[in-house]
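Okay, structure first, notes after.
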Amino acid sequence: MNTTSKKAYVYKGFERFWHWNQALLILLLALTGFEIHSSYNLFGYQTAVDLHNKAAWAFIILIIFAIFWHFTTGEWKQYIPTTKNLRAQAEFYLFGIFRNAPHPTKKTVISKLNPLQRLIYLGLKVMIIPVMVVSGLSYMFYRYPQDGRIAFINIDNLEIIALIHTFGAFILMAFVIAHLYLITTGHTVTSNLKAMITGWEELEDDQYEDTKKQE
Ligand code: HEM
């Protein structure tokens, strides 16, 4: 294909800050969480619990700022799901990619997530992460009632909470693995990663023009 490209500013400062801190916190939460789950011994149980609690609060603060940012900038619209090209995008990852087929959707500043990303990220934002926060907080306050006070929720059985929380942790880990692979499937192996570090990405000329038109 004989196309030229232009650089576009795709990921803004806060967005990159949020993305990388979220990534670090989720990894730390997973690392300490699975130690609490008794999968291995790394920090020592008590330190793992301590780190998990601190990371959880940091994660909650980050989520509050991210919600504010998404709504004040209008970037929440990036996550509106669409079925247009959803199948084509899934087929591309399953088959086309191995045959060097062209990407079925174009990335623009206005629409930087492909239909599959929109759906998966929205699912994370409205289901998995809220489930982790709510089950995690329930766990926290049920397991550690404050001195002399009764836990603010009354759960008969901690087991179901632990089960939901652990199930969510496995889903998040599956997401992270798929995400790491998909990062490498941009126009070059490192183009997606570089974009999330610098904010800038080379978009093909017509993609850039689309972006300009929509501005
Ligand atoms: C704001 C979010 C979160 C909160 C408030 C939270 C809170 C907690 C608490 C209080 C515990 C129990 C600690 C103990 O038994 O002493 C726990 C366990 C655990 N957490 Fe989280 N957590 C959060 C997010 C996450 C995330 C994102 C992951 C994984 C990616 C995760 C994975 C785990 C795992 C695997 C366990 C062990 C569950 C078990 O075996 O019972 N947590 N979490």
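Computed from the coordinates by the stated procedures, all read-outs in this text should not be read as laboratory data. Just so we're clear, the structure is a prediction, and the values are computed from it rather than from any experiment. Don't worry about glycine lacking a Cβ; one is built from the backbone with ideal geometry, like all the others, and counts go over all protein chains shown.
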Check the straight Cα-Cα distances from LYS54 and name the lysines below 24 Å, setting aside those fewer than 8 residues away within the same chain.
LYS125
Each residue of segment 51-62 in turn: what ³J(HN,Hα) in whole Hz from Karplus with 6.51, -1.76, 1.60 and θ = phi - 60°, glycine and Pro shown as x?
5, 4, 5, 5, 4, 4, 5, 4, 5, 5, 5, 4
Find, to one decimal place in angstroms, the Kirkwood hydrodynamic radius of the chain, where the mean of 1/r is taken over every pair of different Cα atoms and then inverted.
19.5 Å
When you count, for each residue, the other Cβ atoms within 10 Å and take the mean per peptide, how do 38-44, 85-91 rank with the highest first?
85-91, 38-44
